[in-house]
Amino acid sequence: MYVVTVDVFVKPESLEPFLEAMRDNARGSRLEPGCRRFDVVVPEGEADRIVLYEIYDDAAAFDAHLKTPHFASFDAACAPLVAGRKVIRCRLDFEASEDPA
């Protein structure tokens, strides 16, 4: 499995419009065949930060996600709301939910 985390820093007063658009993007992403998980996380006490946690079958599935119409619409609409972001691509080493111990 392929994991992507994204730290997004939104501009002041942009949190709610960004979250609304991000939720729509996440819903569309979950319909993609290679997307296994797409969580939108709001850290406590950080009104300008969103963390995304995404799991895909592989890097190709994530790359395909970046080419979908719903992602393109989201990206264009939210670009003015974002102050910065950091994308981290990872390999899933262990998933505790699958370990019966």
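The values are calculated or read from the model by the stated rules, or taken from the named source; none is laboratory data. Since the model is a prediction, treat every value here as computed from it, not as a measurement. Don't worry about glycine lacking a Cβ; one is built from the backbone with ideal geometry, like all the others, and counts go over all protein chains shown.
Structure summary
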| read-out | value |
| --- | --- |
| Any chance ALA77 is among the small types (Gly, Ala, Ser), more than 13 Å from the chain's Cα centre (by Cα), surrounded by fewer than 13 Cβ atoms within 10 Å (Cβ to Cβ) and closer than 18 Å to MET22 by Cα | no |
| Any hit, segment 38-59, residues being closer than 20 Å to MET1 by Cα and loosely packed, with under 10 Cβ neighbours inside 10 Å | no |
| Enumeration of residues in segment 4-55 that are part of a loop (DSSP other than H, G, I, E, B) and of a type in the set (Lys, Arg) | LYS11 |
| Qualifying residue in segment 80-90 (condition: over 24 Å from PRO12 (Cβ atoms) and not aliphatic (A, V, I, L, M)) | yes |
| Hey, ASP63 assigned to a helix (DSSP H, G or I), of a type in the set (D, E, K, R) and without any contact (Cβ under 8 Å) to a residue 60 or more places away in the chain or not | yes |
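Residue by residue, here is whether (1) out of contact with any helix residue (DSSP H, G or I) (no Cβ under 6 Å at 6 or more places or on another chain); (2) modelled with pLDDT of 95 or more; (3) among the polar types (S, T, N, Q) holds:
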| site | (1), (2), (3) |
| --- | --- |
| ASN25 | no, no, yes |
| VAL40 | no, yes, no |
| ASP48 | yes, no, no |
| GLU54 | yes, yes, no |
| LEU66 | yes, no, no |
